[in-house]
Structures are given as structure tokens and as C-alpha cells.
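Note sheet for the following structure.
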Amino acid sequence: MKEGERLVVVTGAGRGVGAAAVKALLHIGDVRVVAVSRALDGLLAAVGHEPRLEPCLLDLQAPDAAARLVAHIGGRRLHALVNNAGLLHKAEMGTHQRADLERVFLTNAIAPLELAQALAPNLAGDPPGHIVHIGSMGGFQDSAKFPGLVAYSASKAALACIAQCLAEEFKDSGIRSNCLALGAVDTEMLRAAFPGFQAGTTAEAMGNYVAEFSLAGHKLFNGKVLPVASTTP
């Protein structure tokens, strides 16, 4: 890692908004990205040989996921953590199973909290480190709700609350925490949740926004849940 580089971790970096955010960050000359995902073949093929990209194959549902990511980072200062990894769960009422509910809450809420806690020593300092949680309008208070998405939306509501709580937990550590509640973005996850719906926002456009916010959003926001949506299906 070169002197002066800003280090950013992006989870769920294999596709969709996460992959787009990684690409956008790499277009900035002084940013190095740790791309975390269970599969990174598509991202690596798209980016090619980029020395500022550090692939990190990791399943965030694993009990030692946070410890393994800490080991990858080592003692390096971390500028931002983008908790983007998310798991969609869509099921009719009456068909929910405990194991499925545990997986969706583990990925969407528990793992982001574990990563924030584990990486706090790397994020602390001046300038403040920034934790960006990628939420959903489905979990935004009083937003439109949709059948079949109770577990997903509730897990994203939990993530939004976690983001606000972490701002308080870390207020004396030089760490900022915010949540971006995304609306409809043209990704595989949206198409699985709403077949036939065409989103007006591309993954690339949202990825650019997430990248910029991860680097500068902490200057104006802390403990906020910010809707980023032109539409909510």
C-alpha cells in the first residue's frame, strides 16, 4: 500500500451496486479497495489487473468472517467500510422457515455490526473513518411495503437502526456511521424481488453515488438514514 492511499472495504463486491462502487472507487487515483465477496470472478474480469484492488473471498455468514477480514487488513488505517452485502428473502406468509430468517438477518444486520465492531480500531482517528451501511427503502420508516418481503425489509430496518446506534457508540473514536436507504436499482436482486419491473437507476449510477458518499459523506452526516431513491417499486 502506497503512502497517501485511502483504503476502503466494500462487502458484497461481486456484483450489482457493490461491484459498481468498487469500479468507481478505483477510478479515483489515491484509493485502494478491499473487495469482499463469496465470488469475485465477474468483478476481476471486468477490472482486469488493477494493483489497487485487493480481492478478499469471504462468506460473511461464517463465524470467523470478521476475524478473517481483520487479518487481511492488518494494522492499516481504514478510510471507509461499505457494508453493502445483502441477502434477499422473499416468501409468502405462512411459508417462512427459521433457518431462512436467521440467514437473512445474519447477512443483512448481524454481519455488518460484527464487521464495524471488529474494524473499529482501523477506522478510528483523524480524519474520521466512515461506515456506510447500504439499506433499503423497504426498511425505511413509513415507506411503502410489499408482500413477501417482511423478513428482508425488517432486516434492513434493523440495519438502519444499527447505523444510528453506531454513530453514538463511536462518537468519541473518530468514526462516523450512516445508512443509505436505496430505492429501485437495476440489479439481479431487484429483478428477483419484482419480476418485470424496470428500474430507472442503473447499478453503475448508484455505485458512483455510494463511492463518493463513502469518501466524503462523513463530512456532513453522522447517524443518519438517508433515502436515495427516485422510485420505490
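The values are calculated or read from the model by the stated rules, or taken from the named source; none is laboratory data. Remember, predicted model here, so these are calculated numbers, not experimental data. Positions of Cβ are generated from backbone atoms using ideal geometry, with glycine treated the same way; all protein chains shown enter the neighbour counts.
Taking the criterion of being under 19 Å from the mean Cα position of the chain (by Cα), within 23 Å of Arg6 (Cβ to Cβ) and not aliphatic (A, V, I, L, M), would at least one residue in segment 130-153 satisfy it?
Checked segment 130-153: at least one residue is under 19 Å from the mean Cα position of the chain (by Cα), within 23 Å of Arg6 (Cβ to Cβ) and not aliphatic (A, V, I, L, M).
Hey, among the residues in segment 17-29 that are farther than 16 Å from Pro55 by Cα and modelled with pLDDT of 95 or more, which one's surrounded by the most Cβ atoms within 10 Å (Cβ to Cβ)?
First pass over segment 17-29, keeping only residues farther than 16 Å from Pro55 by Cα: 17, 27-29.
Checking the rest, the ones that are also modelled with pLDDT of 95 or more come to 17, 27-28.
Numbers: Val17: 31, His27: 9, Ile28: 15.
Ranking the candidates gives Val17 first.
Can you tell me which condition Ala167 does not meet? The list is (1) over 25 Å from Thr231 (Cβ atoms); (2) surrounded by fewer than 18 Cβ atoms within 10 Å (Cβ to Cβ); (3) of a type outside the set (Lys, Arg), and all the others hold.
Against the list (1) over 25 Å from Thr231 (Cβ atoms); (2) surrounded by fewer than 18 Cβ atoms within 10 Å (Cβ to Cβ); (3) of a type outside the set (Lys, Arg), Ala167 comes up short only on (2).
Condition test on Gly148, is it farther than 21 Å from Gly16 by Cα and of a type in the set (Gly, Ala, Ser)?
On the way: farther than 21 Å from Gly16 by Cα: yes; of a type in the set (Gly, Ala, Ser): yes.
Yes; evaluated as a whole, the condition is true for this residue.
Would you confirm whether or not segment 158-172 contains a residue that is among the basic types (Lys, Arg) and closer than 28 Å to Glu5 by Cβ? Please lay out each step first, then the result.
So the first thing to find is which residues in segment 158-172 are among the basic types (Lys, Arg), and the list is 171.
Adding the requirement that they be closer than 28 Å to Glu5 by Cβ leaves 171.
Taking every residue of segment 158-172 in turn, at least one turns out to be among the basic types (Lys, Arg) and closer than 28 Å to Glu5 by Cβ.
For Ala66, work out the one condition from (1) surrounded by 17 or more Cβ atoms within 10 Å (Cβ to Cβ); (2) free of Cβ contacts under 8 Å to residues at least 40 places away in the same chain it doesn't fulfil.
If we test Ala66 against (1) surrounded by 17 or more Cβ atoms within 10 Å (Cβ to Cβ); (2) free of Cβ contacts under 8 Å to residues at least 40 places away in the same chain, just (2) comes out false.
In segment 73-89, how many are surrounded by 16 or more Cβ atoms within 10 Å (Cβ to Cβ) and either of a type outside the set (A, V, I, L, M) or touching a Ser or Thr at 6+ places or on another chain (Cβ under 7 Å) (or both)? First the steps, then the outcome.
Initial filter on segment 73-89 (surrounded by 16 or more Cβ atoms within 10 Å (Cβ to Cβ)): 73, 77-89.
Applying the additional criterion that residues be either of a type outside the set (A, V, I, L, M) or touching a Ser or Thr at 6+ places or on another chain (Cβ under 7 Å) (or both) yields 77, 79-80, 82-87, 89.
Within segment 73-89, residues that are surrounded by 16 or more Cβ atoms within 10 Å (Cβ to Cβ) and either of a type outside the set (A, V, I, L, M) or touching a Ser or Thr at 6+ places or on another chain (Cβ under 7 Å) (or both) number 10.
Between Arg98, Arg76, Arg15, which is among the basic types (Lys, Arg) and under 17 Å from the mean Cα position of the chain (by Cα)? Steps first, please.
Values: Arg98 fails: under 17 Å from the mean Cα position of the chain (by Cα); Arg76 fails: under 17 Å from the mean Cα position of the chain (by Cα).
That would be Arg15, the only listed residue that is among the basic types (Lys, Arg) and under 17 Å from the mean Cα position of the chain (by Cα).
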